[in-house]
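Engineer: Mind looking over this structure? Questions follow.
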Amino acid sequence: MTTTKIGIIGDYNPEYPLHPATTAAVQHAAAALVETIEATWLATDQPHRYEEFHGFWCSPGSPYKDLDGALRAIRYARENHVPFLGTCGGFQHAVLEYARNVMGLRDAAHAEYDPYASRLFVTRLSCSLVGKTMAVSMEPGSKAAAACRGAETSEAFYCNFGLNPDYQDQLQAAGLQITGRDQNREARIAELPSHPYFVATLFVPQARSAPGTPHPLIVEFCRAAVLCRQGQTELARSSPRPIWPR
């Protein structure tokens with residue numbers, strides 16, 4: 001069976017529970033899809049051959065060793081239409097990458113790295129969500145709602161930072177849609193509708209994943225990666241042109 005390759009953006013720490021849980025969640029989804037999927041951690045401070053992967057998952061665990069390294073990988077996935085999932089820190093860095101490279105806000109900053117920056121696009125939450133489980137309402141027609149088969153989901157959070165509410169409308173106007181919100185209407189899921197699969201969640205779906213009961217958002221991400229790999233294979237047989245929509 002052909003292997004689908006997923007790159008996990010982050011600096012792996014076996015002592016941080018969400019890191020082993022992320023790797024395991026990929027295998028839970030692979031079993032549900034009856035596919036062979038290989039997950040490889042991509043340290044942010046090391047160079048990587050991004051073209052070898054069929055999907056990218058930006059993991060929790062920031063601050064990363066190299067902020068720019070994480071943003072480069074996210075940008076590659078976004079610009080090359082490679083399936084992308086960001087969770088917790090992955091959500092924060094996905095919106096930061098979009099702010100800098102699509103919205104043109106080159107000075108957009110993350111408060112975890114530079115709390116005194118002039119344009120804090122990602123800020124400390126007014127109340128820490130570490131260890132909390134909260135309801136998230138999803139927009140009808142969104143990829144998140146379709147995957148979860150409903151308008152609301154209850155999810156685990158492990159974060160202290162999120163999208164600055166002052167930029168929420170501006171981000172949406174620029175094309176990155178907020179499709180999931182908490183009871184205070186603050187952003188908890190973001191999607192790029194023009195992309196095959198670009199979903200970022202401030203919560204950590206891998207915390208709810210288990211053998212036999214994979215999280216639906218992770219299953220759909222892995223399904224998109226399999227389709228990416230299949231598309232690459234078919235096009236590679238017939239054409240020397242780029243093997244995935246650019």
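What follows draws every value from the coordinates through simple rules; no lab data is involved. This structure is a prediction, so every number in the text was calculated from the model and none was measured. Note: ideal-geometry Cβ built from the backbone for every residue, glycine included; neighbour counts use all protein chains shown.
Engineer: What percentages make up the Cα-Cα pair-distance distribution of the stretch 159-198 when the bins are 10 Å wide from 0?
Structural biologist: Pair shares across the bins are 28, 56, 16.
Engineer: Here's a follow-up. Which residue, Ala190, Ala200, Ala111, has the most motion in a Gaussian network model of the chain that connects Cα atoms within less than 10 Å?
Structural biologist: Largest GNM mean-square fluctuation: Ala111.
Engineer: Order of 100-107, 75-82, 113-120 by packing, highest average Cβ count within 10 Å first? Walk me through the numbers before you get to the answer.
Structural biologist: Working: 100-107: 14.4, 75-82: 19.5, 113-120: 12.1.
Top of the packing list down: 75-82, 100-107, 113-120.
Engineer: Which of the aspartates and glutamates could be linked to Lys65 by a straight reach, that is with a Cα gap under 18 Å, when you skip same-chain ones fewer than 8 residues away?
Structural biologist: Partners within reach: Asp11, Glu15, Asp45, Glu97, Glu112, Asp114.
Engineer: With θ set to phi - 60° and the Karplus curve 6.51 cos²θ - 1.76 cosθ + 1.60, what are the ³J(HN,Hα) couplings of the stretch 87-103 in order, to the nearest whole Hz, using x for Gly and Pro?
Structural biologist: Taking θ as phi minus 60°, the curve returns 10, 6, x, x, 4, 4, 7, 5, 6, 5, 4, 5, 4, 6, 9, 10, 7 Hz for the stretch 87-103.
Engineer: Moving to a separate point now. Going by average Cβ density within 10 Å per residue, which order do the peptides 50-59, 147-156 take, highest to lowest?
Structural biologist: 50-59, 147-156
Engineer: I would also like to ask the following. Considering only Ala174, Ala24, Ala144, give the residue with the highest GNM mean-square fluctuation for the chain, with springs between Cα atoms whenever their separation is below 10 Å.
Structural biologist: Ala174
Engineer: Taking N as the number of residues in the stretch 1-106, what is its alpha-carbon radius of gyration divided by 2.2 N^0.38 Å? Present the calculation step by step, with values, prior to reporting the outcome.
Structural biologist: Details: Rg = 13.5 Å, N = 106, 2.2 N^0.38 = 12.9 Å.
Ratio of Cα Rg to 2.2 N^0.38 Å: 1.04.
Engineer: Run the reach check for Lys5 against aspartates and glutamates, Cα to Cα strictly under 16 Å, same-chain hits fewer than 8 apart removed. What comes back?
Structural biologist: Output for Lys5: Glu35, Glu38, Glu51, Glu52, Glu220.
Engineer: Arg49 to Glu15: extension gain in nm, 0.36 nm per residue of separation minus the Cα-Cα distance? Could the numbers behind the result be given before it?
Structural biologist: Details: separation 34, 0.36 × 34 = 12.24 nm, distance 2.68 nm.
Extra length from Arg49 to Glu15 when fully extended: 9.6 nm.
Engineer: Same structure again: Compute the FRET efficiency between Tyr113 and Val34 as 1/(1 + (r/R0)^6), taking r as their Cβ-Cβ distance and R0 = 45 Å, and round to the nearest 0.05. Intermediate values should be presented prior to the final figure.
Structural biologist: Numbers: r = 41 Å, r/R0 = 0.91.
It comes out at approximately 0.65.
Engineer: Report the full-extension gain for the segment Lys5 to Ala146: residue separation times 0.36 nm, less the Cα-Cα distance, to one decimal in nm. Don't skip to the answer; put the middle values down first.
Structural biologist: Details: separation 141, 0.36 × 141 = 50.76 nm, distance 2.42 nm.
The Lys5-Ala146 span can extend by a further 48.3 nm.
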